[in-house]
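Read-outs: derived from the displayed coordinates by stated rules, not from any lab. Being a predicted model, the structure only gives us computed values, none of them experimental. Here Cβ is always computed from backbone atoms with ideal geometry, including for glycine, and neighbour counts include all displayed protein chains.
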Ligand code: 2P0
């Protein structure tokens, strides 16, 4: 209680997700609408996740947020868009035991305090915004008694950060780009749940936990403005690859999964850096797929635990962790 006043709070935990067919490029920056579908794997919540507590009280005079212990501004358009969408969907709530009653109308003047922690490097290209915004939207939706399903919440989280819409589900998730100008059909759907292919183990080799220099938003804008090939990728390459990736996931076909994920990251890196795409030499007996998020940290997806153990052994031998820095640490996440 704050003085005489009550406090109601909700805490949620959301894992990050790693795209295997990447989202890169927006057709609407305000609503965050992408130019292609994407597919991701959501990690186990214990490893790379955001924990967020949201609280409301009549004692709070304005909305405030602390990220990793530091207060930051909530004035950004993205936060405000999520808040507006959620507030408009709040429903009446009553806790008779505590004598708390909040009506939909009360949300026009009530304020929230938000505390959010990542257990992994923020903005180092480990999709911290994905876990963070998904967790924020989910916990606020619970607090405001919003009665929407996950797909509707995914469309709200998307307005906070594109990749966040995919973190509302576990397992394998597709973000459908949608056709509508208002973004109502640009939502995430679950392709397969966390139990479907639980042999996979993801190892993230953390090469740097420094903040990335270019935000994904401006990186995407540069690509869309300067690359002639991005349209070709969005219209021709990705739709075919999405279909093949869906099949590979449904059949738990690791060689196809690895081939598609690696091909996608190579084309993606090429578009971002305007370099030459490397010649790829796929082997159908591949044991490990690799990808990168928006930073230098390598994401290695091994086909089973035995392969993951061998891979980790080699990584530790070739790149031993250095005690005086945070370079070369390894995060192991079961795919769930
Ligand atoms: C993805 N990334 O599909 C791609 C691949 C990074 C590389 O989505 O501007 O933080 O907030 O929508 O979601 C990271 O970009 O960008 C991202 P915004 P976001 O995961």
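Could you list 267, 84, 27 in order of exposure, starting from the residue whose Cβ has the fewest other Cβ atoms within 10 Å?
Working: 267 20, 84 12, 27 17.
The fewest-first ordering by Cβ neighbours comes to 84, 27, 267.
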(request) Could you state the angle between the C-alpha long axis of helix 254-273 and the longest principal axis of the C-alpha atoms of the chain, as a value from 0 to 90 degrees rounded to the nearest 10? (result) 80
(request) Work out, step by step, the length gained on full extension between residue 266 and residue 147: first 0.36 nm times the residue separation, then minus their alpha carbon distance; give nm to one decimal. (result) 38.8 nm
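Can you give the extra length, in nm with one decimal, that the chain gains between residue 319 and residue 11 once fully stretched, where that is 0.36 nm per residue apart less the Cα-Cα distance? List each step's numbers first, then the result.
On the way: separation 308, 0.36 × 308 = 110.88 nm, distance 3.74 nm.
Roughly 107.1 nm would be gained on extension.
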(message) Angle check, please: helix 77-87 long axis (alpha carbons) against the longest principal axis of the chain (alpha carbons), in degrees 0 to 90, nearest 10.
(response) 50
(request) Could you line up 82, 165, 262 from fewest to most neighbouring Cβ atoms inside 10 Å? (result) 262, 82, 165
(request) Return one number: the angle in degrees, 0 to 90 and rounded to the nearest 10, between the long axis of the Cα atoms of helix 128-143 and the longest principal axis of the Cα atoms of the chain. (result) 30
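Let me know the volume per residue of the alpha-carbon convex hull for the range 8-334, in Å³. Show your work: numbers first, answer last.
On the way: hull volume 48.4 nm³, N = 327.
Residue-normalised Cα hull volume stands at 148 Å³.
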(request) Describe numerically, in nm with one decimal, the distance between label points set 7 Å from Cα along Cα→Cβ at residue 240 and at residue 87. (result) 4.8
(message) What distance in nm lies between label points placed 7 Å from Cα along the C-beta direction at residue 198 and residue 231?
(response) 4.7
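Return the FRET efficiency for the residue pair residue 182, residue 109: r is the Cβ-Cβ distance, R0 is 22 Å, and the value is rounded to the nearest 0.05. Present the calculation step by step, with values, prior to reporting the outcome.
Working: r = 27 Å, r/R0 = 1.25.
So, using R0 = 22 Å, E works out to roughly 0.20.
Let me know the shape class of the range 165-243, please: from the alpha-carbon gyration tensor, a ≥ b ≥ c as square roots of the eigenvalues, rounded when a/c is under 1.5, otherwise prolate if a/b is greater than b/c, or oblate. Walk me through the numbers before you get to the answer.
On the way: a/c = 1.76, a/b = 1.13, b/c = 1.55.
Since a/c reaches 1.5 but b/c is at least a/b, the shape of the range 165-243 is classed as oblate.
Under the 0.36 nm per residue contour assumption, what length would be gained going from the current alpha-carbon distance of residue 59 and residue 250 to full extension? Provide the component values of the computation, followed by the final result.
On the way: separation 191, 0.36 × 191 = 68.76 nm, distance 5.06 nm.
So the extension gain works out to 63.7 nm.
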